[in-house]
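Asks: For reference, the structure I am asking about is given below.
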Amino acid sequence: MKKILILFFILSTLNSFSQNRLTEAVAARLSQLPLHCIPTEFPNKTSHLSDGPEDARLLPHELHPVFYGCLDWHSSVHGHWMLIRLLKQFPELAGRDSIIQVLEQSFQKNKMEQEAAYFGKYTASKGYERTYGWAWLLKLDEELLTWNDPLGKKWHEAMQPLTQKIELLWKEFLPKQTYPNRTGVHGNTAFGLCFALDWARAKKDTAFERLIIQRSKDFYLNNKNIPAHLEPDGADFFSPSLMAADLMQRILSQTAFVKWLDAYYNAAGVQRICKAPTISDRNDYQIVHLDGLSFSRAWCMKGIAQKLPANHRYKKLFKNTAQQFLNESLPKIFSGGYGGEHWLASFAVYALAVK
């Protein structure tokens, strides 16, 4: 009976993806993953540079009273984002009361003040989670900012001490960042700038928007013949080449972007990024990153395809490839154990959110 139910879920999931939408039933199933891990303190990957024996003994929840679960800080942040996103999209979502109960524990101003204080309290802590965690924090703030709901307004107000600290740190850092990080994991600069740009536009912070656009051009505008045929590395959850392309499609006109993209990719690179990654062991916390690569490639390809004119050679290719990645990847979220379950669902939900 259990096998029949699992098969039914997989088939219904594939059907949902074939229609390029997230059904309420699938959303309810996905919501259980962050709902479970947000208050789960262990296992935990604490990236804390200790200044002495006392702070070396602090538990995760003592360092981070809100984002201590889901293995690491950033995964907890985008787990929160995902639950907010699903509450907005499905107001009658199954398990809504349980979700609200968990989030009420997180969105408390005094806890957010403690989270904000961490960034600068210890040696090198001003650079903590730069810029992957910063990006997801702003995406979480954006989701609440754009939610016309009493809960959304209350929770948005509660998290402002942390949002304002991250905003300040980013505005301090970006002007002095000389080179972009072209990695396929957390440090990827283009990914961070995509989410920061979305937030700046939602917030109508035109000065920050202009800074992001200028630095994006500094980093990527002259890039040509990018070696995408070498992707991915063994633990990538981002495509470095697609992340930069996703950023550029957000800041350039259609004409300028087409000209840029045509010089950016060669045939070997496009062929490589359209090939699904091979995941040999979903119980390995690093190898399972490659499942996330399918989702992030999908959202980048969807965004790029949307920007391209109807007759461009990559438009249909990227649109169809994105759909294939989505169709193949969602059922796998539930097959790899905690190493994937603590973060992959939010990648899937964001990939579906991109039109």
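Asks: Do we find that residue 141 is acidic (Asp, Glu), open to solvent by less than 30 Å² (accessible area, probe 1.4 Å) and either closer than 19 Å to residue 349 by Cβ or touching a Lys or Arg at 6+ places or on another chain (Cβ under 8 Å) (or both) in this structure? Talk me through it step by step, then tell me what you get.
Replies: Numbers: acidic (Asp, Glu): yes; open to solvent by less than 30 Å² (accessible area, probe 1.4 Å): yes; either closer than 19 Å to residue 349 by Cβ or touching a Lys or Arg at 6+ places or on another chain (Cβ under 8 Å) (or both): yes.
Yes, satisfied.
Asks: With respect to residue 178, is the statement that it is outside any helix (DSSP H, G or I), surrounded by fewer than 18 Cβ atoms within 10 Å (Cβ to Cβ) and not acidic (Asp, Glu) true? Can you show your working first?
Replies: Working: outside any helix (DSSP H, G or I): yes; surrounded by fewer than 18 Cβ atoms within 10 Å (Cβ to Cβ): yes; not acidic (Asp, Glu): yes.
Criteria met by residue 178.
Asks: Could you check region 201-214 and list, in sequence order, the residues that are open to solvent by 30 Å² or more (accessible area, probe 1.4 Å) and touching a residue at least 40 places away in the same chain (Cβ under 8 Å)?
Replies: The first filter runs over region 201-214 and keeps only residues open to solvent by 30 Å² or more (accessible area, probe 1.4 Å), leaving 201-204, 206-207, 209-211, 213-214.
Passing the criteria: 202, 203, 211.
Asks: Same structure again: Select from region 339-352 the residues that are open to solvent by 10 Å² or more (accessible area, probe 1.4 Å), at pLDDT 95 or above and closer than 18 Å to residue 77 by Cβ and write down the one among them that is nearest to the chain's Cα centre (by Cα).
Replies: Of everything passing the filter in region 339-352, 350 is nearest to the chain's Cα centre (by Cα).
Asks: I would also like to ask the following. Just one of the numbered conditions (1) out of contact with any Ser or Thr (no Cβ under 9 Å at 6 or more places or on another chain); (2) open to solvent by 40 Å² or more (accessible area, probe 1.4 Å) is not true of residue 261; which one?
Replies: (2)
Asks: With 345, 276, 305 as the choices, which residue is without any contact (Cβ under 8 Å) to a residue 60 or more places away in the chain and part of a helix (DSSP H, G or I)? Step through it out loud before you land on a result.
Replies: On the way: 345 fails: without any contact (Cβ under 8 Å) to a residue 60 or more places away in the chain; 276 fails: part of a helix (DSSP H, G or I).
So the residue among 345, 276, 305 that is without any contact (Cβ under 8 Å) to a residue 60 or more places away in the chain and part of a helix (DSSP H, G or I) is 305.
Asks: Return the residues of region 35-90 that are open to solvent by 20 Å² or more (accessible area, probe 1.4 Å) and polar (S, T, N, Q); say none if nothing qualifies.
Replies: Within region 35-90, 40, 44, 46, 47, 50, 89 meet the criteria.
Asks: Could you list, in sequence order, the residues of region 16-34 that are at pLDDT 55 or above, open to solvent by 20 Å² or more (accessible area, probe 1.4 Å) and either of a type in the set (Ser, Thr, Tyr) or farther than 15 Å from residue 348 by Cα (or both)?
Replies: Scanning region 16-34 gives a single hit, 23.
The values are calculated or read from the model by the stated rules, or taken from the named source; none is laboratory data. Owing to the predicted nature of the structure, the values given are computational and were not obtained by experimental measurement. Quick reminder, even Gly has a Cβ in these numbers, built from the backbone with ideal geometry, and neighbours come from all protein chains shown. Only protein heavy atoms, including side chains, enter the accessible area calculation; ligands, DNA and RNA are left aside. Shrake-Rupley method; radii C 1.70, N 1.55, O 1.52, S 1.80 Å.
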